[in-house]
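So the structure is just underneath, and the comments pick up after that.
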Amino acid sequence: MFKVNENYLKLPGSYLFSTIGKKVAAYKEANPDKSIISLGIGDVTQPLAPKIIESLHSAVDEMGKAETFHGYAPDLGYEFLRNAIADGDYKSHGCDIHADEIFVSDGAKCDSGNIQEIFSIDNKIAVCDPVYPVYVDTNVMAGRTGTYDPSTETWSDVIYMPCTAENDFVPDFPKEEPDIIYLCFPNNPTGTTITKAQLQDWVDYANKIGAVIIYDAAYEAYISEDDVAHSIYECEGARTCAIELRSFSKNAGFTGTRLGFTVVPKDLKAGDVTLHSLWARRHGTKYNGAPYIIQRAGEACYSAEGKAQLKEQVAFYMNNAKIIKEGLKDAGYTVFGGVNAPYIWLQTPDKMPSWDFFDFLLKNANVVGTPGSGFGPSGEGYFRLTAFGSHENTLKAIERIKAL
Ligand SMILES: *Cc1c(COP(=O)(O)O)cnc(C)c1O
């Protein structure tokens, strides 16, 4: 008789987006005449840039001819893409990262979930609170997190690092020593980030205690301030303590096309064992590569034309972010984020619970956002709005909130 992986049964239901969907559907049914604007989406809305489409078309044509057909991709990704990444994302920022330390994949969600399997089950993880849920849930599935306490919504063997207005959304070093530290900057959901000097402190801390940092840089393209690092490898010593995750989803609109990569420097070791060799083995055994046509589309992002078009796309979303942030400030809200990330994190008025504010906004402004408490206990009393909507809808939503 087979048995299931009981770790899966420990996972609390992920009610956040399904509850939002149900509440919105119920409201629409009761109020069919109302037009609802969603600033809750975490997905891009702009189409793929022309240079990317051009590259996709020509790669598709190549696949139709025997002479230029491509079968299985190399395990770690095509050289043309890994070289473009090494030059465009690392060398250009003064980072000592080589093409053979880059592992191309179909996105950062899979990589951020899969990376934990190259570590012992005994490792203790630390996460920011609030947090992108993938890091904790995948460790739950692996059996690394202990028991769940529904009253505090926390796991007994996870170290939580609160990020709130009180600490400027910069996590403090935890009292208990972690083995694996997940950091995501610029951050989803808070839209805030940390300075390069603060990131350097984390790198120094990880090297001192022998921990590894799993650094999610999915929002790197949205950085607008000079003192923010685009890669953790801008920090001295990061080659011996950090893995970096990147995605083409938010900078180039590949959420439906799928492309990402993970950097594992060869200096990152436990004794004699390099994490690079383990991740290479994992990739080789369990993964057969991102599609050729998509890797060609990824390469196009690094061409001069591609870069210019993507810069415009990011600027479009960041203009929405500015409209939201300034509008909310004018309306008297306390707001964070929106400068180096496409997310605005607002404090609910009078410490209203996040879900009450969700209902209030839906009913009175017909605007949908995401309750902060859905991302962790320290998100209670906060609310997330995203800049991924259309310009018109963003303007309209903010006018409605201002008029409340
Ligand atoms: C969107 C996002 C990603 C990217 O996921 P993909 O699988 O590459 O689409 C990774 N991390 C965070 C925090 C995100 O918000």
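The values are calculated or read from the model by the stated rules, or taken from the named source; none is laboratory data. All of these numbers come straight from a predicted model, not from anything done at the bench. Every residue, glycine among them, receives a Cβ derived from its backbone with ideal geometry; neighbour counts consider all protein chains shown. Quick note on the areas: whole protein, heavy atoms, side chains included, nothing else; ligands and nucleic acids left out. Shrake-Rupley method; radii C 1.70, N 1.55, O 1.52, S 1.80 Å.
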What accessible area, in Å² to the nearest ten, does a 1.4 Å probe give for Ser55?
20 Å²
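Please get the size of the charge dipole for the chain, origin at its Cα centre, with Cβ charges of +1 on Lys and Arg and -1 on Asp and Glu, quoted in debye to the nearest 20.
Result for the chain is approximately 1040 debye, rounded to the nearest 20.
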With all protein chains in place and a 1.4 Å probe, Arg82 shows an accessible area in Å² (nearest 10) of 20 Å²
Could you tell me which of rounded, prolate or oblate describes segment 203-328, using a ≥ b ≥ c as the square roots of the eigenvalues of the alpha-carbon gyration tensor, with rounded for a/c under 1.5 and, failing that, prolate when a/b is larger than b/c and oblate otherwise?
oblate
Could you give the dipole magnitude of segment 218-369 about its Cα centre, charging the beta-carbon of Lys and Arg +1 and that of Asp and Glu -1, in debye to the nearest 20?
680 debye
Rounded, prolate or oblate, given the Cα gyration tensor of segment 53-303, with a/c below 1.5 counting as rounded?
prolate
How far is it, in nm, from the label point at Asp33 to the one at Glu117 when both lie 7 Å from their Cα along the line to the Cβ?
5.5 nm
Simple label model, 7 Å out from Cα along Cβ direction - Lys363 to Asp204, nm:
5.1 nm
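Kindly state, to the nearest 0.05, the FRET efficiency for Asn83 paired with Lys23, given R0 = 45 Å and r defined as their beta-carbon distance.
Plugging the Cβ-Cβ distance into 1/(1 + (r/R0)^6) gives 0.40.
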Expressed per residue, the solvent accessible area of the chain in Å² (1.4 Å probe) is about 44 Å²
For Lys269 paired with Lys196, estimate the spin-label separation in nm (one decimal), with each label point 7 Å from Cα along the Cα-to-Cβ line.
2.9 nm
Whenever you get a sec, compute what percent of the accessible area on segment 1-92 sits on carbon and sulfur atoms (1.4 Å probe).
58 percent
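For Lys124, Lys22, Lys10, what's the largest-to-smallest order of accessible area, 1.4 Å probe?
Numbers: Lys124 45, Lys22 145, Lys10 90 Å².
Sorted descending by solvent-accessible area, the residues read Lys22, Lys10, Lys124.
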Work out the FRET efficiency for Thr285 and Leu404 from their Cβ-Cβ distance, taking R0 = 60 Å, and round it to the nearest 0.05.
0.65
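Is segment 149-249 best put as rounded, prolate or oblate by its Cα gyration tensor, with a ≥ b ≥ c the root eigenvalues, rounded for a/c under 1.5, and otherwise prolate when a/b is larger than b/c, oblate when not?
Oblate is the answer for segment 149-249, as a/c is 1.5 or above yet b/c matches or exceeds a/b.
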Placing unit charges on C-beta atoms (Lys and Arg positive, Asp and Glu negative, everything else neutral), compute the dipole magnitude of segment 1-102 about its Cα centre in debye, rounded to 20.
860 debye
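Order of 29-38, 377-386, 184-193, 111-120 by packing, highest average Cβ count within 10 Å first?
My ranking of the peptides, most packed first, is 184-193, 377-386, 111-120, 29-38.
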Per-residue accessible area, 1.4 Å probe, largest first, puts Met63, Met1 in the order Met1, Met63
Could you state how much accessible area Glu79 has, in square angstrom rounded to the nearest 10, with a 1.4 Å probe and all protein chains kept in place?
110 Å²
Going toward the positive end of the dipole of the chain, with +1 on Lys and Arg Cβ and -1 on Asp and Glu Cβ, which of Leu346, Ala218, Trp155 do you reach last?
Leu346
At R0 = 51 Å the Cβ-Cβ FRET efficiency linking Asp356 and Glu54, nearest 0.05, sits at 0.55
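Which of the residue pairs Lys124/Lys325; Lys322/Lys396; Lys51/Lys266 have a Cα-Cα distance greater than 25 Å in the structure shown?
Values: Lys124/Lys325 37 Å; Lys322/Lys396 14 Å; Lys51/Lys266 34 Å.
Lys124/Lys325; Lys51/Lys266, as the Cα separations exceed 25 Å there.
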